[in-house]
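Have a look at the structure below before the remarks.
We did not get these values from a lab; they are worked out from the coordinates using the rules stated. Everything numeric in this text was worked out from a predicted model, so none of it was measured. A quick note on method: Cβ atoms are made from the backbone with ideal geometry, for glycine too, and the neighbour counts reach across all protein chains shown.
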Amino acid sequence: MSDREEAGGDARSSDGVRRLWARNLLIWAALLVLLLLSLVAAYIPMGRVTTASGIVVAAAKSTLVVLLFMELASAKPQIRIAAISGLVFLVAMFALTFVDVLARP
Amino acid sequence: MTDALLAGELPLPPHPDYLRDGSTVWSWLATTDHKRIAILYAVTITVFFFLGGAAITAVRLELFEPNGWLLTSDTYNKLFSFHGIIMVWFFLVPSIPNTFGNFLLPLMIGAPDVAFPRLNLFSWYLTIAAGAFTVYALVAGGVDTGWTFYTPYSSMFSNTHVFAAAAGVFVVGFASIATGVNFIATTHMLRAPGMTWFRLPLFVWAVYATSLIMVLATPVLAISLLLVIAERVLGLPIFDPARGGDPILFQHLFWFYSHPAVYIMVLPAMGVVSEIIPCFARRRIFGYDFMVYAMLAIAGIGFFVWGHHMFVSGQSALASLVFSFLSFIIAVPSAIKVFNWTASLYRGQISFESPMLYALGFVGLFTTGGLSGLFLASIPVDIHVTDTYFVVAHFHYIMVGGSVSAFFAGLHFWWPKVTGKLYPESWAKFAAILMYAGFNMTFLPQFFAGYLGMPRRYHTYPAEFQIYNVMSSAGAAVLAVAYLLPLGYLGWSLFYGGKAAKNPWGATGLEWTATSPPPPKNFDRQPRVDRGPYDYHAQGMSAGTDPPEMQSARDTR
Amino acid sequence: MNSPFRLPEASTHAVTVDHIFYLLLLLSGATAVLVFGLILLFAVRYRRGSSAKRGPMPEILSREFEIGWTVATLLTFAFLFWWASSADLGSLAAPPSALEIHVVAKQWMWKTQHPSGAREINALHVPLDRPVHLLMSSQDVIHSFFVPAFRVKKDVVPGRDTDIWFQASKSGTFPLLCAEYCGTNHSMMRGKIVVMRQDDYAGWLVQQPEGDDLAHEGAKLFVSQGCSGCHAASSNVHAPRLAGLYGRAVQLADGRTVSADEAYIRDSILQPKRDVVAGYEPVMPSFKGLLDDGEIQSLTAYIRSLSKEQPDD
Amino acid sequence: MSDESALLREPWFDFGRQREAGKFGIWVFLASETLFFGALMLTYTVCRIEHPEAFAAAGRETNIWYGTINTAVLLTSSLTMAVAAQASEQSARLRRLVLSCLLLTAMLGLAFIAIKGFEYKEDIDKHLVPGAEFALPQRGAELFYGFYWLVTGVHAIHLSIGIALVSRLFWVLLRRELPAKDNPEIEVTALYWHLVDIVWIFLYPLIYLPGRAS
């Protein structure tokens, strides 16, 4: 097909493009807002809550990326299992190492 | 399709088999055929096996005398380190998965190849590159950290070629991950029609479970070695206690990989044995579904027990308790497997060809090794015997007695399929028995020496342990002969062996429906599967001696 | 040369460990006999061509069998865990009355020092029937203090203190080994533990060359390293007084409260900015690299000895 | 159909299945990468627990502007990458959109590396490289910067691989060697790109935010 055909497009296609951009720009805007949020929170002295806020916001941002940009939300079960298995063993690694590090005299 | 065709008598296959499909060097080095890649791996790991074996031969010779007579301490330390690094990462980890796994996984599930054939070849080249690094480390003067690379010795004190050795292991880790990803995707996506999850042969399950560990544990090894390299080469402080670093942290990262790695080595061995025992006992495997769950449980729980390597390291008492408990728990699925193999013999029609002898040897040695593992799970006893020859004996029983026996079992079982040749059976039986005897002669005395307090990695040792070391070294000589024998008669069979039929053992499984050796694309027609594995007798019937009907490439029942 | 066939049980702990060891041996021996016996029995009875009755498997039993032996092994292991761990927990903390001996490991020797100041290399004399508490640190890599006859072992880790305790129950000489690979002469890093009757031990101590005890040595260091310039009672610098400090709870500038133990004192010397005491400026320089592990142990012992004096003088 | 036959590879007979296998395979690899970076972050966390004040002091020395801008750059590159992948699935008419988004993604990746280069330069000038000249007195601060250099380096290598993959894809599609519609390579590259982004999302609070409040 020629470039002219692509550039022209029909109404249905341009409608699709608009929805495509709308969806992704919305996610992107949310990500930037979260970025600003964590930046601001880092300057508010709340002790451990300050540290936690950075991690929690990072977790929220990556959830958005994983579910919507990487389309895990609509993926097949076997793909979800693959994604979750990495997370599960990561949590196990942290948890069991902390059993040592946090319980040392 | 006639019955004669099904039985593998007539006629000759229309295309050349995979071995004769191209004979140039390039047709091997650029192949994407999983069977040829398996052969490439087999040659590679054989070279590494004898390299690692040569290193330990010198070590065992040296240990004849309590105060040393042949080697300096530095040479001794480099030799046992080289032995460990080569045997763990360049022989045991790739041994069964990358040779038999590569060869058999697509055949067993009725696929023409693995999911990503070019990635498969790439993984072999990574292994070769990694091997070059590690062998360079030896040639350039050796590395003396032991295979465990403990910090701060490896990162700050050793003056040997730690960088080259660690880089080699780092790279071979990526080969391992690539293979794991490939096998997982193959098992999920390329099963033949009708090959449901619970119709998979146990070997496929074993390779699948192994791949899970490879994919999820190996990256942590990569990080632990990367940190050592960064500290040595770039001077970044990570484990340096003088700058606030934590040397124990390295042990957490290292064992997060290296304990599951034991299951990378032994799960495929369990898979091999689970294929062989039903075939020669002419029975269904006892408790197929329990065997599957046990393998998955071992792969999963295997991630949560690493701290039992660290009971004396100074980790918290709470951590020791948790890890001790989990270590006892993981013994349960292992016990299930041993009981089920034993029960599979009950009311069978047992014959004792060489693969069966090796497989029974595996069960015996794995049981001994597994039981000695209980001692290491219980904290007070572990504190006494850890870092002694008791541990050396324990893990050699599992990894050498177990995995290497199973490797030879599989080698003899599938040799006719892989090469299309028959080997001299009486030599094979002799080697199997010799291997079992030699192994026990080598490693049984080490349990005693270890309990009495002989530490591992000792170049010189208190004189009272000499008797055990002499016994061990004598046994090692027997074992060396037993390992060299198959090299001789299997090599002989390549040139002079009789031609193997499609299914010389009368086994079930799709791989036996292909010709020996199989054609390049494995199957001429897409196989369909309509029954479970190990169908050696119909439901409710007793074991018979006839070859079972082949579970085969046919459309009608 | 010691006997190549048996290992003496020379500490109270050794008896406990051996009990667990023998039980495990019994259980695993029985399991091995069962498995090997069954395999042999089946192999002979059901060899191909034998006349043994085959018939179908009693299928109903299989699942119950499977669940049965799974549960049985699970319970056995749970019991073993409980028994072994309770023995371990019982021997975690050293009795307060224990004799404290400092151990410094380095490539490739063991240096020990008694509370009286007597020093030994690759040897350690201890009294019979009295708990001995070892406080250990390493100057270079990880070593492991291993006395097979006592069934004790503990890694000696650079940058942190580890400890271990035992109570010898047999007099005699027993090997001391390094169990964690530590480089070229790892296998030569051996010594001996000499267990003596208590009066012999006292006599042996008297015969040792006049060494300052740890606390006196620490007192000298306290002056020679300049600590007294700030921390002495007469000093004009606003620095925390050390008398009565040891074992007390300390309020820190960031609101935390820590206990002034060995680790705290060590950290305060090496990284003084980490735990600043409430009400003081972080002005103390780090002594990292200026003091070796033995000297830090001496200083700690000195600060400890001050706690016996009046804190409010 | 001709599109699909151009994209079909050994050993597959069915393009849909091949595509699904590629996607599944890359997800399994991403699980592996999770553990890879996870282990690095575990190292960081343990060191931070042992030296909280030193990590706060060291974190303050990083340049928050470079860090925040770079995070925004990467997030934006994830947007363009996602649009490219979704456009390739949606319609063959969107080839030009796919191409321009791929180009934009690679450019943003390069911009990230460039900004990182300026930041590295500043860090070196401030003597924040562990070693004899290290600027901060706190014990443990060197650990922070050991982690900083290592993890940003490893991330930059991952990102460079991503830039190479995206650029290659752009070139292949531009020359019409392969069709853009439903090309599995776009999907797989996008998944990898997003993971590299996620790693940075977590590095941002670990590296740039400690110690800001005090």
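Suppose a student asked you for the relative contact order of segment D:25-207, using Cα pairs under 8 Å spaced at least 6 residues apart; what percent would you report? Present the calculation step by step, with values, prior to reporting the outcome.
Details: 162 pairs, mean separation 60.9, N = 183.
Here the relative contact order equals 33 percent.
Quick one: compute the contact order of chain C, relative version, from alpha carbon pairs under 8 angstrom and 6+ residues apart, as a percent. It would help to have the intermediate numbers written out before the result.
Working: 479 pairs, mean separation 47.7, N = 313.
Relative contact order here is 15 percent.
I want to verify a result. In a Gaussian network model of chain A, Cα cutoff 10 Å, which of these has the top mean-square fluctuation: A:V49, A:V57, A:V88?
Answer for the Gaussian network model of chain A: A:V88.
Hey, which lysines would be in cross-link range of D:K126, C-alpha to C-alpha under 20 Å, not counting anything within fewer than 8 residues on its own chain?
Counting by Cα, and skipping residues close in sequence, D:K126 has these lysines nearby: D:K116.
Let me know the number of lysine pairs in chain C closer than 27 Å at the Cα, not counting same-chain pairs under 8 apart.
Here the count comes out as 21.
Tally the DSSP beta bridges in segment C:99-207 and give the antiparallel ones as a percent, rounded to 5. Let's see the in-between values first.
Numbers: 26 of 39 bridges.
Close to 65 percent.
Residues with beta-carbon under 14 Å from that of C:H19, excluding C:H19: net charge, scoring Lys, Arg +1 and Asp, Glu -1? Provide the component values of the computation, followed by the final result.
Working: positive: C:R151; negative: C:E9, C:D18, C:D88.
Neighbourhood net charge equals -2.
Considering only D:F170, D:V151, D:G211, whose Cα is most displaced toward the positive end of the charge dipole of segment D:126-214, charges sitting on Cβ of Lys, Arg (+1) and Asp, Glu (-1)?
D:G211
Taking the Cα centre of each part, how many Å lie between segment B:182-198 and segment B:392-426?
26 Å
Could you give the spread of the C-alpha atoms of segment B:34-173 along their three principal axes, from largest to smallest, in whole angstroms?
58, 32, 21
Which of C:S259, C:V147, C:H19 sits closest to the plus end of the dipole of chain C, meaning its Cα is farthest towards the positive end, when Lys and Arg get +1 and Asp and Glu get -1 on the C-beta?
C:H19
Hey, in the GNM for chain D with a 10 angstrom Cα cutoff, which one of D:L35, D:L74, D:L191 fluctuates hardest?
Comparing D:L35, D:L74, D:L191 in the GNM, the peak value goes to D:L35.
Just to confirm the filter: which trypsin sites (Lys or Arg not before Pro) across segment D:174-214 are DSSP coil and have at most 14 other Cβ within 10 angstrom of their Cβ? Present the calculation step by step, with values, prior to reporting the outcome.
Working: sites: D:R175, D:R176, D:K181, D:R212; in loops: D:R175, D:R176, D:K181, D:R212.
In loop regions of segment D:174-214 (DSSP not H, G, I, E or B), the sparsely surrounded trypsin sites (Lys or Arg not before Pro) are D:R175, D:R176.
State the antiparallel share, in %, of DSSP beta bridges confined to the protein assembly as shown, rounding to the nearest 5.
On the way: 33 of 47 bridges.
Close to 70 percent.
Using every Cα-Cα pair within the protein assembly as shown, state what percent have a distance larger than 55 Å. Walk me through the numbers before you get to the answer.
Values: 171128 of 706266 pairs.
Everything past 55 Å amounts to 24 percent.
Check segment B:36-513 and count each lysine pair with an alpha-carbon distance under 23 angstrom, considering only pairs eight or more places apart or from different chains.
Values: B:K417/B:K429; B:K417/B:K499; B:K417/B:K502; B:K421/B:K429; B:K421/B:K499; B:K421/B:K502; B:K429/B:K499; B:K429/B:K502.
The number of close lysine pairs in segment B:36-513 is 8.
Please list the non-local residues whose amide H lies under 5 Å from the amide H of C:V141, H modeled 1.01 Å from N, same-chain partners needing a gap of 5 or more.
C:Q107
Counting each DSSP H run of 4 or more residues in chain C as -39500 (n - 2.57), what helix-only mean residue ellipticity at 222 nm follows after dividing by all residues, to the nearest 500 deg cm²/dmol? Please list the in-between numbers first.
Values: 7 runs with 114 residues, N = 313.
My calculation for chain C gives -12000 deg cm²/dmol from helical runs alone.
If the only charges are +1 at each Lys and Arg Cβ and -1 at each Asp and Glu Cβ, what is the size of the charge dipole of chain C around the Cα centre, to the nearest 20 debye?
Numbers: 29 positive and 32 negative charges, 340 e Å.
That gives chain C a dipole magnitude of about 1640 debye.
Expressed as a whole number of Å, what is the distance separating the alpha-carbon centroids of segment B:486-545 and segment A:65-105?
If we compute the Cα centre of each part, the gap is 41 Å.
Considering Cα pairs under 8 angstrom that are at least six residues apart, work out the relative contact order of chain B and quote it in whole percent. If you can, show how the numbers build up before the last one.
Numbers: 947 pairs, mean separation 101.3, N = 557.
Relative contact order, chain B: 18 percent.
If the cut-off is 16 Å between C-alpha atoms, which aspartates and glutamates fall inside it for D:K181, apart from same-chain ones fewer than 8 positions away?
Reachable aspartates and glutamates: A:D3, A:E5, A:E6, D:D3, D:E4, D:E20, D:E89.
Could you work out Rg/(2.2 N^0.38 Å) for segment C:214-306, with Rg from alpha carbons only? Don't skip to the answer; put the middle values down first.
Working: Rg = 12.3 Å, N = 93, 2.2 N^0.38 = 12.3 Å.
Rg over 2.2 N^0.38 Å, computed on Cα atoms: 1.00.
Report the net charge of residues surrounding A:A42, where surrounding means a beta-carbon distance below 12 angstrom and charges are Lys +1, Arg +1, Asp -1, Glu -1. Display every interim value, and only then the final one.
Numbers: positive: D:R60, D:R212; negative: none.
The answer is +2.
Excluding B:A30 itself, calculate the net charge of residues whose Cβ lies under 14 Å from the Cβ of B:A30, where each Lys or Arg counts +1 and each Asp or Glu counts -1.
Numbers: positive: B:R36, B:R118; negative: B:D21, B:D33, D:E10.
It works out to a net charge of -1.
Taking the Cα centroid of segment B:22-78 and of segment C:93-153, what is the distance between the two, rounded to the nearest whole Å?
Cα centroid of segment B:22-78 versus Cα centroid of segment C:93-153: 42 Å apart.
Quick one: longest stretch of chain B between exposed loop GluC sites (Glu not before Pro), exposed meaning at most 16 other C-beta atoms within 10 Å and loop per DSSP? Provide the component values of the computation, followed by the final result.
Values: sites that count: B:E9, B:E549.
By the stated rule (loop sites, at most 16 other Cβ atoms within 10 Å), B:10-548.
Calculate the dipole size of chain B relative to its Cα centre from +1 charges on Lys and Arg beta carbons and -1 charges on Asp and Glu beta carbons; express the result in debye to the nearest 20. Before the final figure, lay out the partial values.
On the way: 28 positive and 27 negative charges, 171 e Å.
The dipole of chain B has a size of about 820 debye.
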